[in-house]
1. Could you line up D55, D447 from fewest to most neighbouring Cβ atoms inside 10 Å?
2. What is the calculated FRET efficiency for Q353 to Q443, with r their C-beta to C-beta distance and R₀ = 25 Å, to the nearest 0.05?
3. For V36, what residues show an amide H to amide H distance below 5 Å, using hydrogens built from the backbone and excluding near sequence neighbours?
4. Note the per residue figure in Å³ for the convex hull of the C-alpha positions in region 149-329.
5. How big is the gap, in Å, between the Cα center of region 238-258 and the Cα center of region 51-125?
6. Output the relative contact order of region 11-136, whole-number percent, from Cα pairs under 8 angstrom with separation of 6+ residues.
7. How high is the relative contact order of region 333-402, given as a whole-number percent (alpha carbon pairs under 8 Å, six or more residues apart)?
8. Within 13 Å, Cβ to Cβ, of D17, how many net charges do the neighbouring residues add up to if Lys/Arg are +1 and Asp/Glu are -1?
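None of the figures in this text is laboratory data; all of them are computed from the coordinates on show. Note that this is a predicted model, so its numbers are computed, not measured. Here the Cβ is made from the backbone with ideal geometry for all residues, glycine too, and neighbour counts use every protein chain on show.
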Amino acid sequence: MNQPSAAPVAQVLVVDDEPDLRTLYELTLLREGYRVDSAATLADAWQQLQERRFDAVITDMRLPDGLGLELLQRMLAQQRSERCIVMTAYGSAENAVEALKAGAFDYLTKPVDLKQFRSVVASAIHDRQAPARAALRGPAPRSERAAAATAASSAQSALERLVGTSAAMQQVKERIAKVARGMAPVLVRGESGTGKELAARALHACSHRSDGPFVAVNCSAIPESLLEAEFFGARKGSYTGAAADREGYFQAARGGTLFLDEIGDLPLAMQSKLLRAIQERHVRALGSTQEDAVDVRIVSATHRDLASDVAAGRFRQDLYYRLNVIEIVLPALRERREDLPALCDALLARIAQESGMPVPHLSDAVLEQLAAHPLAGNVRELENLLHRAVALSDGETLQIDAIVCAPAAAPSPAPAETPTTVNAAATPEPSAAGQPPMPDDLQGWLDQQEREILVRALQETGFNRTAAAQRLGLSLRQIRYRIARLAIAAPGDEPNESAA
């Protein structure tokens with residue numbers, strides 16, 4: 001049986017008007033085993049592109065007869081398949097972002113680091129030759145065709161989880177489907193509770209990386225002392241408690257998508273290290289002398305105004321331009337209230353599935369009450385309200401009085417701190433003599449009281465849910481829901497519900 005032919009040697013075109021730099025780039029690429037041609041002007045580069053095909057084109061942004069961006073635009077207009085890498089002077093990040101938005105594979109900042117140069121070129125060539133390698137393997141077997149169909153179905157399902165048919169949500173879905181095809185970093189912006197991680201997962205599911213891992217990282221939840229080890233990995237003994245080698249988020253996301261949630265909360269020192277990892281596509285685990293190549297797509301999210309943080313010195317400008325190549329803005333729920341019925345239906349279906357109960361009916365009166373609520377917490381707040389309504393309703397139709405929808409009071413300005421200022425939260429006063437202090441977390445306190453009552457009733461009835469429900473004046477459906485919501489587990493086997 002004949003072996004398939006190997007992929008052809010990669011051909012690269014270098015475009016730079018500085019002879020010394022052009023020679024340096026040529027020699028670097030020749031040592032990597034590529035075939036290299038060069039040009040000093042836009043006209044010369046375009047002439048060579050008309051005469052033959054390349055795998056990658058590396059062009060300086062500023063040329064004697066035009067901009068490298070013009071070369072990229074001509075290539076895209078002719079639907080050429082070469083991957084284009086743009087080189088730009090340090091401090092011209094706006095030009096680089098413009099090139100990425102126009103369709104460049106990546107950009108390099110001058111003076112170019114040769115290690116980064118080799119890594120970016122290798123990634124571009126690998127991406128360019130992937131279809132050729134697939135063609136050499138011949139028609140995909142039935143299992144691969146089935147996997148492709150499954151991936152398409154998963155992409156559609158991921159988009160459908162972004163519930164809503166409003167114009168604002170349709171624009172979001174269309175943008176996700178469009179930008180998923182590329183490799184450019186994406187920044188997802190939106191208020192808390194708008195579904196930024198859902199958008200990131202949909203983008204991953206729609207991309208050619210959908211069969212790779214999706215690794216979500218909450219940047220605000222990692223202690224600063226552990227950030228480097230969590231992101232880049234660590235070797236055994238590299239710090240106190242490192243009992244074994246462990247990989248970081250970058251290594252875990254190889255071939256897939258790395259989602260950096262609340263990216264604006266990263267400290268400046270870690271921002272610098274993150275920028276280097278993104279640019280060089282290599283990371284070094286804590287305690288290691290070797291660097292690992294990583295192939296990940298970066299998707300970030302934040303509820304903060306990063307542009308303002310850049311102006312205030314709280315966020316690195318170069319990292320901001322690296323992350324904010326393509327922006328997706330999720331609308332607040334108040335901006336798309338026409339999606340409220342569909343959102344309620346989807347959330348109630350999920351609540352019912354999680355608790356093993358029939359899907360509750362949402363009356364028009366309850367829907368009107370929800371529509372009048374500010375819903376400052378967006379979809380997350382809506383879900384909490386529906387959870388509460390289901391828990392407090394007696395039947396399968398949600399009652400108006402089961403939803404607490406009082407508009408939240410505007411926070412009062414904090415008083416200026418003085419030596420005599422007393423922290424009221426630290427020293428709560430009783431509401432009346434002999435009464436316990438008011439709890440700081442009312443909902444948590446109520447849940448705890450409800451849990452203690454349920455556990456006591458279940459213990460006294462031998463964990464017979466039917467008998468416990470009768471003792472508490474609840475239906476079996478209601479007690480099942482509360483047990484599931486409060487995570488009350490029976491000791492040993494499942495309780496017998498057949499006996500009253």
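1. D447, D55
2. The formula returns an efficiency of 0.65 here.
3. Under 5 Å from the amide H of V36 lie the amide H atoms of V12, each far enough along the sequence or on another chain.
4. Hull volume over Cα atoms, normalised by residue count, gives 119 Å³.
5. 31 Å
6. Computed over region 11-136, the figure is 22 percent.
7. Across region 333-402, relative contact order equals 38 percent.
8. -3
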